[in-house]
Amino acid sequence: MGCTTLLVGRKASADGSPLVARTEDSSNGSFDPKRVVVVPPEDQPCVYTSVLSRLQIELPENPLRYTSVPNALPGEGLWGSAGINAVNVGMSATETLTSNPRVLGADPLVELVPESGTPGTPDHRPERPGGIGEEDMLTLVLPYIRSAREGVERLGALLAEHGTYEMNGIAFSDVADIWWLETVGGHHWIAKRIPEDHYVTMPNQLGIDSFDLDDAEGEGRDHLASPDLRAFLEEHHLDLTLRPTSSAGFGAAPSSAGGSVVNPREAFGSHTDSDHVYNTPRAWFMQRTLNPTSEDWDGPGPGNRPDSDDLPWSRRPERKLTIEDVKDVLSSHYQGTPFDPYSPHGTDAQRRAFRPIGINRHNALAILQIRPGRPESSRSLQWIAYASNPFTTLIPMFTNVETAPEYLATTTAQVSTDSFYWTSRLLATLADAHFADAIPLIERYQQTTLALGHAAVHAADGAVSQPSHPSVPDGSSAAGGGSAGDGAAGQAVPALLAKANTAVAEQIRAETDQVLAAVLHTTSNLMTNRFSRSDG
């Protein structure tokens, strides 16, 4: 399994933007080169065919333009990863989740069953397609939604109809809200709106720890779910919440103990030994970093340890969070603890005890930022990093454009410094081998390039706000809808933003080439076979 997700509600972020961030990580021993594309409506298929599950789905008419971070190499399908559409709605798909045998027995995953036997004979069994999965979800949903809530509803309907072959968590965002959906078995799902002043940590483990069934079945203000979720829980004895005995049974009205409130993590999730070395330590370190004084993170108590099963799904941070905070957390490797693989302290067993957040097999990091104070035509940014996050930087990209910068888009199978993906991979691999010597160079590079990114965004914002663009919408609406670039002046905004995207990408390309040369020089001088006459 791979991926780590961090979600930041709008009242918990520095500029009031909901932030959706996820590292897409490949499985152990493999690496999937990525690229950024902008998909115009005419390139969206009318009928979608999944490569992995062989499922065909007819798609609605009139799709929206959207950004995507697909696999650069063919073979396993699109894997669009994350994007923002033309009406400023974002989607990150998906975070692989864990489950338990009770759930998978009650609602099995919908897996591809290959054809067997000889056609025309009694033993012939035709192929049975599987459900939808991470390969498919962004392409099937993002072009057709106009709010985060609509994203939940569309994906929920697809899951009910076609099922899924894997457990996944998916985030949707607009200018006001973030919704988080978790698949529960083959066809069921739950979704919860992120508290506006909280952040959420998701480390490959089913995470929602409190869910109000009454709200999901009623107004749906903060909770949505499969319509039969209550019956599903009751029929298969999945709810493990201890409540006072009631003759009214499970569906009774809420008591002081919260009769309609269940803990999905207990009902649908897992608490295995592998969770305690692979998943929960990442949530522990993210929360430790963002709430350093809120808990005794190194104390003997069981509630705040790396292997704790009870870390909250969401927390209120101790201060507002920035793009840099998100990048740093998703680059972390247990710094300041004995579990840091780069630390000279602790034992080798401690340094290899837990799966780092900033791991070698990151494919891409996308941070989706939808800014409430900006016109709809320039509201949304997708920050992109490739390869192992401790050694990489972010490039900001305005999403109301027709094409992505070449440096982000032109990844191929050939290793080349013309590609941000391959240059980032090379830089990370060189620096990792001599971490202490290379990391000062990396840190200066990261500060310089992130400053360039922010400066470029400020400059583009200023250009869009000039009187030459009087028709740009004022961005006063509260949710994701609206046309990105109304009016004659608004129609010029995408070209202006595309030019800004390319300019900052080229600036960061120059800095990346420079730091690659510096790290190459430093690590070349540290090769094992080095020798000089002065060595004695």
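The values are calculated or read from the model by the stated rules, or taken from the named source; none is laboratory data. Bear in mind that the values here come from a model prediction, so they are computed numbers and not experimental data. Every residue, glycine as well, gets a Cβ built from its backbone with ideal geometry; the counts of neighbours run over all protein chains shown. Heads up: the accessible areas ignore ligands, DNA and RNA and are worked out on the full protein's heavy atoms, side chains in. Shrake-Rupley method; radii C 1.70, N 1.55, O 1.52, S 1.80 Å.
Numerical summary
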item: The stretch 286-340: C-alpha gyration tensor shape, a/c 1.5 cut-off, then a/b vs b/c; result: oblate
item: MRE, 222 nm, helices only [DSSP H, n ≥ 4, -39500 (n - 2.57), over the chain, to nearest 500]; result: -9000 deg cm²/dmol
item: Cα-based Kirkwood hydrodynamic radius, the chain, one decimal, Å; result: 24.3
item: Cα-centred dipole magnitude for the stretch 61-118, charges only on beta-carbon of K, R (+1) and D, E (-1), debye, nearest 20; result: 200
item: GluC sites (Glu not before Pro) within the stretch 1-101, DSSP loop, no more than 12 other Cβ atoms inside 10 Å; result: Glu61, Glu76
item: Amide H partners (placed H, <5 Å) of Leu73, local residues excluded; result: none
item: At q = 0.15, 0.30 Å⁻¹, base-10 log of I(q)/I(0) for the stretch 129-172 (Debye sum, equal scatterers on each alpha carbon); result: -0.32, -1.23
item: Solvent-free Debye scattering, log10 I(q)/I(0), computed from the Cα coordinates of the stretch 6-48 at q = 0.16, 0.28, 0.32, 0.35 Å⁻¹; result: -0.81, -0.91, -1.05, -1.16
item: In sequence order, calculated HN-Hα J values of the stretch 441-449 (Karplus, 6.51, -1.76, 1.60; Hz; x Gly/Pro); result: 5, 5, 5, 5, 4, 5, 5, 4, 6
item: Of all accessible heavy-atom area on the chain, the percent that carbon and sulfur account for (1.4 Å); result: 53
item: ³J(HN,Hα), Karplus 6.51/-1.76/1.60, whole Hz, each residue of the stretch 304-314, x for Gly, Pro; result: 10, 9, x, 9, 6, 8, 10, 4, x, 5, 10
item: For the stretch 137-248, convex hull volume per residue from C-alpha positions, Å³; result: 131
item: Cα Rg, Dmax, the stretch 288-403, angstrom units; result: 17.4, 54
item: Cα-based Rg and Dmax for the stretch 155-214, where Dmax is the largest Cα-Cα distance (Å); result: 12.0, 35
item: Other-chain or far-sequence residues with amide H under 5 Å of Ala86's (modelled H); result: Arg65
item: Solvent-accessible area per residue, Å², over the chain with all protein chains present [probe radius 1.4 Å]; result: 41
item: J(HN,Hα) series, the stretch 89-105, from Karplus relation 6.51 cos²θ - 1.76 cosθ + 1.60, nearest Hz, glycine and proline x; result: 10, x, 8, 10, 9, 8, 9, 5, 10, 9, 8, 9, x, 5, 5, 5, x
item: Dimensions (Å) - the stretch 1-131, Cα atoms, principal axes, largest first; result: 65, 41, 31
item: Amide H contacts under 5 Å for Asn204, placed H, 5+ residues apart; result: Thr5
item: Gyration tensor (alpha-carbon) shape descriptor, the stretch 83-164, a/c threshold 1.5; result: prolate
